[in-house]
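Below is one structure, written out as structure tokens; the observations come after it.
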Amino acid sequence: MRQRPIGTATRGTTNPNRLRRMDRWIADAHGPALRRAGTPVAVDLGYGAAPWTAVELLDRLRTAEPRTVVAGIEIDPDRVAAAKPYEREGLTFVHGGFEVPLAVRPLLIRAANVLRQYDEDQVAEVWARLCSRLDADGLLVEGTCDEIGRRHVWVALGPEGPRTVTFATRLGSLERPSDLAERLPKALIHRNVPGEPVHAFLRDFDRAWAAASPYASLGARQRWIAAVRAVAADWPVTDGVRRWRQGEITVGWDALRPNSR
């Protein structure tokens, strides 16, 4: 007897190109693992009321590894039925939830704008369940973005647990780095208060951004790079200029890990 899907239906809001920043980061950061895999399987978990994000994930990951296949998984059976006409070679849609009902362990699970609608105390359990379904070389990417994908924050996790937090933005839309606080994933969004590491990080980033204001005459990208370089003196920034130029900064999870209550 097939297991009942684990989880609850989300609002299902989705838009084309909403997850492009996350997808491009995944293709770059996880591309080597996709290329090493015998069968590189990726999951778009909770893709929503329309299949656009799963379609785009396949196209973007295939720029890194043409053999990649994508399964869109949705807990709402009506959404699965509506997506079926979009299936093609390498792309399927499956009814399911956090149990990830596939015969193989995926190399990637992307869960975007899903846990935002859960309680903070549910996050650790969901993370652990999803990580347990990963391939040994797999990655879980869980985060939140705005409706048109200008601002996005995600956590990357391996089978052992969380590794990094990435902040990504369209630089032309940014007044200060802490504008990204409204898109923190559920594990962090309620921790943006004095005394918590993520609050201290965003405070320091805002100060570095203000100090880098002379670079604004050269463009927002150069100002961002200068601010990230300054922040990296005190925080464990794990990426480099090539990614900073995309309006990104990735920080080790342990530095932003919430304080225990």
Quiz prompt | Residues of the range 29-48 satisfying the condition of being buried (at least 17 other Cβ atoms within 10 Å of the Cβ), in contact with a helix residue (DSSP H, G or I) (Cβ under 8 Å, 6 or more places away or on another chain) and more than 21 Å from residue 103 (Cβ to Cβ) | solution = 30, 48
Quiz item: Among the residues of the range 193-228, which ones are at positive phi and either open to solvent by less than 50 Å² (accessible area, probe 1.4 Å) or assigned to a helix (DSSP H, G or I) (or both)?
Solution: 219
Quiz item: Among all residue pairs at least 6 apart or on different chains, which show Cβ distances below 7 Å where the first residue, located in the range 180-207, is polar (S, T, N, Q) and the second is at pLDDT 95 or above?
Solution: 192/181; 192/184; 192/198; 192/199; 192/202
Practice problem: May I ask you to verify whether residue 184 is among the aliphatic types (A, V, I, L, M) and within 19 Å of residue 252 (Cα to Cα)? | Solution: yes
Quiz prompt | Residue that is surrounded by the most Cβ atoms within 10 Å (Cβ to Cβ) [pool: residues in the range 237-261 that are in contact with a helix residue (DSSP H, G or I) (Cβ under 8 Å, 6 or more places away or on another chain) and of a type in the set (S, T, N, Q)] | solution = 250
Practice problem: Could you tell me whether any residue of the range 2-18 is out of contact with any Cys (no Cβ under 9 Å at 6 or more places or on another chain) and either at pLDDT 95 or above or not in a loop (DSSP other than H, G, I, E, B) (or both)? | Solution: no
Exercise. For residues that are open to solvent by 10 Å² or more (accessible area, probe 1.4 Å) and either among the aromatic types (Phe, Trp, Tyr) or part of a strand (DSSP E or B) (or both), tally how many sit in the range 49-101.
Key: 8
Self-check item: Those residues of the range 112-156 which are in contact with a helix residue (DSSP H, G or I) (Cβ under 7 Å, 6 or more places away or on another chain) and among the hydroxyl-bearing types (Ser, Thr, Tyr), in sequence order
Solution: 118, 144
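The values are calculated or read from the model by the stated rules, or taken from the named source; none is laboratory data. Quick caveat, the model's predicted, so the values are computed rather than measured. In this analysis, Cβ positions are derived from the backbone assuming ideal geometry, glycine residues included, and neighbour counts consider all displayed protein chains. Just so you know, the surface numbers come from the protein's heavy atoms only, side chains and all, with ligands and any DNA or RNA stripped out. Shrake-Rupley method; radii C 1.70, N 1.55, O 1.52, S 1.80 Å.
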